[in-house]
1. With just the Cα atoms of region B:7-90, tell me how far they stretch along each of the three principal axes, in Å, largest first.
2. What angle, in degrees between 0 and 90 and rounded to the nearest 10, separates the Cα long axis of helix A:228-237 from the longest principal axis of the Cα atoms of chain A?
3. At 0.36 nm per residue, minus the direct Cα-Cα distance, what do A:E109 and A:F435 gain on full extension? Give it in nm, one decimal, please.
4. Could you tell me which residue out of A:L243, A:N442, A:W176 lies farthest along the dipole of chain A toward its positive end? Charges go on the beta carbon: Lys and Arg +1, Asp and Glu -1, centred on the Cα centre.
5. Pop the C-beta distance of B:R56 and A:S325 into the FRET formula with R0 = 30 Å and round what comes out to the nearest 0.05.
6. Tell me which residues come under 5 Å, amide H to amide H, from A:M314 once H is placed; ignore anything under 5 positions away on its chain.
7. What's the FRET efficiency of B:R86 with B:S44 using the Cβ-Cβ distance as r and R₀ = 25 Å, to the nearest 0.05?
8. Would you please state which residues of region A:291-322 a label at A:R339 would reach in this model, taking the label point 7 Å out along Cα→Cβ and a backbone N cut-off of under 19 Å?
Amino acid sequence: MNTQVSPIPLADAAAEDRLAVAITDVARQSPDRVAIVAGAGGEASRSIDYATLAAAIVKLEAALDSVRPLGVVARAKRVESLVAIAAACGRQHVPVAFLAEDARDLVGELRDWVTVDDALVVPVDPTAARREFEAVATQVVVATSGTSGPPKLVEHSWDSLLAAARLAEQWHGLGWILVYDATRWAGMQVWLQALLTGGRLIVPASRDPDVVLRSIVDEQAAVLPATPTLLRRLFSAGDRGLLARAKVERITLGGEAADGPLLEQARAAFPGAKVTQVYATTELGEVFRVADGLPGFPANWLGRSLPGGARLGMRRDGELLVQLSRDTAEVATGDLVERRGGRYEFTGRRSDVIVVGGAKVFPRRVEDLLRSVPGIADVRVYGMPSAITGELVAAEVVLTDPLPADGTPESVRAAALAACRAGLEPHGVPRILDFVKKIATNPAGKVPRRAS
Amino acid sequence: MKSPSDPLLEAIAVAIRQVLRDTGREARPVEPGMSLAADLGLDSLDLAQTIVLLERVLGSDPFRAAAAGPERVPVRTVADLAAAYRRPAAAGNSPTEI
């Protein structure tokens, strides 16, 4: 186990310097302290200590200082390389871009930037334009997840990139599981948080539920940031024994709305763990957190200034609006909310709505209903194109193993459709219902809503 | 074409019976001369489902091409539906030829 490190002197550091300062400081105090466990829960895991990480940053900084590129596109596969590139570019005031696999085509927008991969070499082109060290803070470019629409590049300042990081001492030295793609906003938030606070970043070898659970158990992870889809998969497909041994202290859900039953399952599976739901987007960063374990957010938050300064509003059609501060414009989020008692709950993304013969269907409502049917472990509802009705509601269903007593796939299918007929408008009832071994997720760890 | 052992008609009958069962109705014999709406009680959603089910068995959806054409294909009976699938794709799926 890592011993505790004394507080890292981040308060005085400019935002763009903080990652390099934090890593260097921990490396000085305890060089062997593990920073990253890569391939965790798999055959060949490897540990990278803080001293190694700090050395890589120093070396890359020297290269950046001599070449002074206009910007750096981080194209590394290893998380430790991404961390080193971010830290070095930050402290050297070189703009840096993180492009996830599905956003690689956008590199054309970053003309004349150089690419740095796992070799951590800055290519030298004597004819290329140089960008001398400027006092102004440089930007970080991140691609949106493309869950609803093609990925696009978003520019952030280091201040906004680090705005959600928890630096108080209670957050120091924890083990963080990284199930997100390290090049996306959500993933970056996890590795930044872990390495700004002398923590361990635990990167599972894959997103397979058993590999993730084994990583939690083997590496004694304390914090599990995940999408509701990824968390649900741990419960529906993970090994029971491993699940019982996995003890996390915190679960941070983001990327999608969490429903009540999932939050209950999380409480049952990880007793004592604090479950926080984070509402954040790649464009806006973190807007608010809900820590009371209930779905959605309190209704009286609407129209009020929240901690952090954001103000929430709602369009007449239920779309959530966010105004980050008094000086910024109100932004339509694409997320639809609905009042239920004292809460506003998320009903889905505007772009997820399935239109069947002109009538709207919220896939989440159908999914929630299907999940309550005995014999169903997991489900995805999506729109299937139809020449007759525009779209049809289609569902992929993962059966529980074992099935309930006397249950057969056909009886579960009949029960599922009957439950939908009883609880939904006729056009909302799935017309196509397929049994699958597992539900596919997109690279952001969310469930895709259109037929592929 | 109207022989009961016709594999296309059989596939259509199987698909329609599944649609009826899935929607909580009684699965019944399906004959080529039956009207999809009046005799079998199928609405546009039922027809859309039937066509997806058939695409999975037959590998084609003649209505996807037809919908892009100048006119909608009139499909009133089970036999009309079969006719839409019988036209070879190479002949062009222009709805006016049906």
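The values are calculated or read from the model by the stated rules, or taken from the named source; none is laboratory data. These figures come from a predicted structure and were not determined experimentally. Every residue, glycine as well, gets a Cβ built from its backbone with ideal geometry; the counts of neighbours run over all protein chains shown. Heads up: the accessible areas ignore ligands, DNA and RNA and are worked out on the full protein's heavy atoms, side chains in. Shrake-Rupley method; radii C 1.70, N 1.55, O 1.52, S 1.80 Å.
1. 37, 23, 21
2. Roughly 70 degrees between the two axes.
3. Taking A:E109 through A:F435 to full extension adds about 113.2 nm, to one decimal.
4. Going by the Cα projections, it comes out as A:L243.
5. Efficiency, from the Cβ-Cβ distance: 0.05.
6. Close amide H contacts, sequence-distant or interchain: A:L321.
7. After rounding to 0.05, the efficiency reads 0.70.
8. So the set is A:295-305, A:312-322.
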